[in-house]
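Visitor: Dropping the structure in here first, questions after.
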Amino acid sequence: MDFYDALETRDPAGRERDLLGALPSLIAHAKSNAPYFAALLASFDAASVKDRAALARLPVTRKSELHEFQKAAMPFGGLNATPVSGLARIFVSPGPIYDPEGRGADFWRTARTLFAAGFRPGDLAINCFSYHLTPAGSMFETGLHKLGCAVIPGGVGQSEMQVRAIAELKPVGYVGTPSFLKVLLEKADEMKVDVSCLKKAMVSGEAFLPPVREALAARGILGYQSYGTADLGMIAYETPARQGLVLDEEIIVEIVRPGTGDPVAEGEVGEVVVTTLNRDYPLVRFATGDLSAVLAGRSPCGRTNVRIKGWMGRADQTTKVRGLFVHPHQLAEALKRHPEVRRARLTVGNEGGDDTMTLRCEGGGDADAIAASIRDVTKLRCAVVFVAVGSLPNDGKVIEDVRKY
């Protein structure tokens, strides 16, 4: 069997219909059971949110704000619809940010991702994501269990002991960061221990660069990468086609202009915003802070879901100019007054010791009026320059800091 289940090969129109059809119930559930969403979505009728245009009108909740929400209303800021007594675990991510795990099987939806990477029932895998406080270890262990795999809970560290366990227990799969797999392989070489039993790897948590992928392949290990977060679980995963990352089947993803909730055109780089159908933690339009873009067409692997390019950097491009913070959402606020501007990019520089701001705009308009709007919102002066449509880089940046530090 090439696919985890029939959901992966659905007609795209049917998938869209199924996902959007679940929105009214999800939003009604969030409003009834999660105090944060009850307040945030109070003026929205859940029954009317049944297409992407209606979804795009809902406010965005930003991951960067979770810490403050949680400080105000422990432990989850009121975003959870299941009380603490109904959860399986509470994790502590850096921040600290508290992440709930419900009691359902494969809560984080990693089994599908692992299957795409070649893991199968009966496999023995060593899981080298951390089991201490943060959720990655549990995220992948529960997915491996759902697949029917046995797990060695390796965690991070104790490389010599882990190498001996690999040599003696002979797992066929590795789950963890690519850098720690490299550490284990180098330690095995140093110890002159055979770990050639490892044939497959699911890596995440950091960049999976081509030289590392090729080095693993040279040792007979096929490595695949995935993209997820501690709040949302799995978002997208690599398949044998090696062309972008295919979206998970139980989420709705939008790519929006950084600092806004406005969806961008297919292929344009923007911030990844996810709505998850998880009823324990029903995150609605949750802005991850990560940049990506939608790839055109379908994956050659046969899966019909949307593909994204993968992680392309951070959307939070906040910078400080002449002692004042300038945020992407401020630019968005100012430019809403000038719809004739199609795209814009603010470049922050320094000339002779003085900070400068130059806004390059695609489209027409009144440069003085645009500069006045920027000054009104940011309290800073800004030069405005018009450039040809399509000439600004497609990298998701709305603020570029070119000052030399």
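The values are calculated or read from the model by the stated rules, or taken from the named source; none is laboratory data. Every value quoted in this text rests on a predicted model; they were computed, and no experiment measured them. As a convention, Cβ positions derive from the backbone with ideal geometry for all residues, glycine included, and neighbour counts pool all protein chains shown.
Visitor: Considering segment 291-306 alone, what residues qualify as being crowded, with 22+ Cβ neighbours inside 10 Å and of a type in the set (D, E, K, R)?
Guide: Hit for segment 291-306 is Arg303, nothing else.
Visitor: How about segment 241-271: which of its residues are among the β-branched types (Val, Ile, Thr) and farther than 23 Å from Ala81 by Cα?
Guide: Answer for segment 241-271, where residues must be among the β-branched types (Val, Ile, Thr) and farther than 23 Å from Ala81 by Cα: Val246, Ile255, Val256, Thr260, Val264, Val269.
Visitor: Scan segment 82-94 for residues that are at pLDDT below 95 and surrounded by 15 or more Cβ atoms within 10 Å (Cβ to Cβ) and jot them down. Working first, answer last.
Guide: Initially, segment 82-94 is screened for residues at pLDDT below 95, giving 92-94.
Hits for segment 82-94 are Val92, Ser93.
Visitor: Do the conditions hold for Arg337, that is, is it in contact with a helix residue (DSSP H, G or I) (Cβ under 8 Å, 6 or more places away or on another chain), basic (Lys, Arg), over 15 Å from Pro258 (Cβ atoms) and surrounded by fewer than 19 Cβ atoms within 10 Å (Cβ to Cβ)? Please lay out each step first, then the result.
Guide: Numbers: in contact with a helix residue (DSSP H, G or I) (Cβ under 8 Å, 6 or more places away or on another chain): yes; basic (Lys, Arg): yes; over 15 Å from Pro258 (Cβ atoms): yes; surrounded by fewer than 19 Cβ atoms within 10 Å (Cβ to Cβ): yes.
Yes; evaluated as a whole, the condition is true for this residue.
For every residue, the table says whether it meets (1) touching a Ser or Thr at 6+ places or on another chain (Cβ under 8 Å); (2) among the aromatic types (Phe, Trp, Tyr); (3) in the same structural domain as Gly261 (by TED's automatic domain parsing); (4) at negative phi.
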residue	(1), (2), (3), (4)
Pro328	yes, no, no, yes
Arg337	yes, no, no, yes
Arg343	no, no, no, yes
Leu346	yes, no, no, yes
Gly352	no, no, no, no
Asp355	no, no, no, yes
Ile370	no, no, no, yes
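Visitor: When the residues of segment 178-213 are filtered to those that are surrounded by fewer than 19 Cβ atoms within 10 Å (Cβ to Cβ) and at pLDDT below 90, which remaining residue is farthest from Met139 (Cα to Cα)?
Guide: Once the filter is applied, the top-ranked residue is Pro211.
Visitor: If you scan segment 247-285, which residues turn out to be acidic (Asp, Glu), under 15 Å from Pro328 (Cα atoms) and not in a loop (DSSP other than H, G, I, E, B)? Steps first, please.
Guide: Of the residues in segment 247-285, the ones acidic (Asp, Glu) are 248-250, 254, 262, 266, 268, 271, 280.
Those left that are additionally under 15 Å from Pro328 (Cα atoms): 262, 271.
The one that is acidic (Asp, Glu), under 15 Å from Pro328 (Cα atoms) and not in a loop (DSSP other than H, G, I, E, B): Glu271.
Visitor: Oh, and also: Ile374 is checked against (1) in a helix (DSSP H, G or I); (2) surrounded by fewer than 19 Cβ atoms within 10 Å (Cβ to Cβ) and fails just one. What number does that condition carry?
Guide: (2)
Visitor: Test Arg298 against the stated conditions and say whether it is under 20 Å from Asp11 (Cα atoms) and modelled with pLDDT under 95. Explain how you work it out, then say what you get.
Guide: Values: under 20 Å from Asp11 (Cα atoms): yes; modelled with pLDDT under 95: yes.
So Arg298 fits the description; yes.
Visitor: Report yes if Gly122 is assigned to a loop (DSSP other than H, G, I, E, B), surrounded by fewer than 23 Cβ atoms within 10 Å (Cβ to Cβ) and either outside the structural domain of Glu238 (by TED's automatic domain parsing) or in contact with a Pro (Cβ under 6 Å, 6 or more places away or on another chain) (or both), otherwise no. Please lay out each step first, then the result.
Guide: Numbers: assigned to a loop (DSSP other than H, G, I, E, B): yes; surrounded by fewer than 23 Cβ atoms within 10 Å (Cβ to Cβ): yes; either outside the structural domain of Glu238 (by TED's automatic domain parsing) or in contact with a Pro (Cβ under 6 Å, 6 or more places away or on another chain) (or both): no.
Taking the combined requirement at face value, the residue does not satisfy it.
Visitor: Any chance you could count how many residues in segment 53-81 are of a type in the set (Lys, Arg), assigned to a helix (DSSP H, G or I) and surrounded by 16 or more Cβ atoms within 10 Å (Cβ to Cβ)? Step through it out loud before you land on a result.
Guide: Step one: of segment 53-81, the residues of a type in the set (Lys, Arg) are 57, 62-63, 71.
Now narrow it down to the ones that are assigned to a helix (DSSP H, G or I): 63, 71.
Adding the requirement that they be surrounded by 16 or more Cβ atoms within 10 Å (Cβ to Cβ) leaves 63.
Of the residues in that region, 1 qualify.
Visitor: Another question, if that's okay. Being hydroxyl-bearing (Ser, Thr, Tyr) and at pLDDT 95 or above is true for just one of Thr260, Thr288, Thr304. Which residue is that? Talk me through it step by step, then tell me what you get.
Guide: Numbers: Thr260 fails: at pLDDT 95 or above; Thr288 fails: at pLDDT 95 or above.
After applying the criteria, what remains is Thr304.
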